[in-house]
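S.K.: Got a structure here, written out as structure tokens. Questions coming.
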Amino acid sequence: MHFGSRVRGAALAMATMSAATLLMTACQPGPDSADSAASPSGKAKKPTASSSGSPTPTAPSGGTGASAEPAGDSTPKAPASVPATATAKPATKTKTCAAESLKAFMYQADVRPPGTGTGAAIVEFTNMSGATCALEGYPTVAGAANGTPEKNHPLTVTRTGSSSKVTLAPAAKAWLKMTFVQVQGEADGYCVSGTTPVTYPTLVVGLPSSGAHQLALEDGVPAECDDKVTVTAVTATKPS
């Protein structure tokens with residue numbers, strides 16, 4: 001009787017110890033318990049890997065704002081090309097011919113009004129300088145004695161035709177034409193208006209910004225009526 005009681009007591013004690021051991025084992029955390037506690041779903045989070053197999057770097061909080069390049073791409077980036085800006089050069093302006101750079105002479109025109117006076121004359125200008133220059137505009141005309149261009153008598157000028165700039169290379173020429181009120185009759189002649197014909201030993205022909213040129217007619221003495229003259233602008237085409 002006593003022996004059976006001891007056997008049952010020993011068996012009960014061993015059963016109690018086995019139950020305690022199982023209970024302690026069940027209470028210990030498993031290998032995934034830390035990740036399960038961090039993830040509400042109970043599943044472990046795996047680190048995000050880049051294409052090279054390394055974790056994608058994460059900018060620390062409070063950083064400079066510079067974006068990080070993916071790992072494994074160490075090729076230097078070429079700077080973006082900036083389109084070249086074309087700078088237009090200002091056009092070079094041709095200087096007006098100075099008076100001293102011009103050689104001028106005057107001769108009677110082939111085409112002139114009928115009569116016995118000068119009728120019409122051509123003034124030819126030659127660029128005597130070593131540089132290109134320009135002439136433009138209509139002339140002023142005055143009658144003067146020899147050697148006294150300042151003591152001249154201005155003629156009333158009527159302009160005809162259009163005006164444009166004439167560019168003269170060295171030794172190039174330009175022209176203008178003057179047409180006078182023609183003297184009529186023989187000997188001293190007469191003017192249709194009733195005034196007396198006038199002769200001038202020289203004419204002073206002025207060009208805008210190119211000086212005044214005192215010229216004698218190559219073939220005679222200028223004779224005209226009424227102190228009136230019709231002029232063309234300086235031109236690159238030789239008039240007749």
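The values are calculated or read from the model by the stated rules, or taken from the named source; none is laboratory data. Fair warning: this is a prediction, and the values are worked out from it, not measured in the lab. For accessibility, only protein heavy atoms count, side chains too; no ligands or nucleic acids. Shrake-Rupley method; radii C 1.70, N 1.55, O 1.52, S 1.80 Å.
S.K.: Name the strands (runs of 3 or more DSSP E) wholly inside the stretch 154-240 in which the number of residues that are hydroxyl-bearing (Ser, Thr, Tyr), open to solvent by 50 Å² or more (accessible area, probe 1.4 Å) and at pLDDT 95 or above is 2 or more.
M.R.: Values: elements: 156-160, 166-168, 173-181, 202-206, 212-215, 223-232.
Fully inside the stretch 154-240 and qualifying: 156-160.
S.K.: Looking only at the stretch 177-207, which residues are under 54 Å from the mean Cα position of the chain (by Cα), over 18 Å from residue 128 (Cα atoms) and not β-branched (Val, Ile, Thr)?
M.R.: Within the stretch 177-207, 177, 178, 180, 182, 200, 201, 203 qualify.
S.K.: Ok, one more. Hey, can you tell me all the residues within the stretch 110-132 that are open to solvent by 10 Å² or more (accessible area, probe 1.4 Å) and of a type outside the set (Ser, Thr, Tyr)?
M.R.: If the condition is that a residue be open to solvent by 10 Å² or more (accessible area, probe 1.4 Å) and of a type outside the set (Ser, Thr, Tyr), then 110, 111, 112, 113, 114, 115, 117, 124, 128, 130, 131 are the ones that fit.
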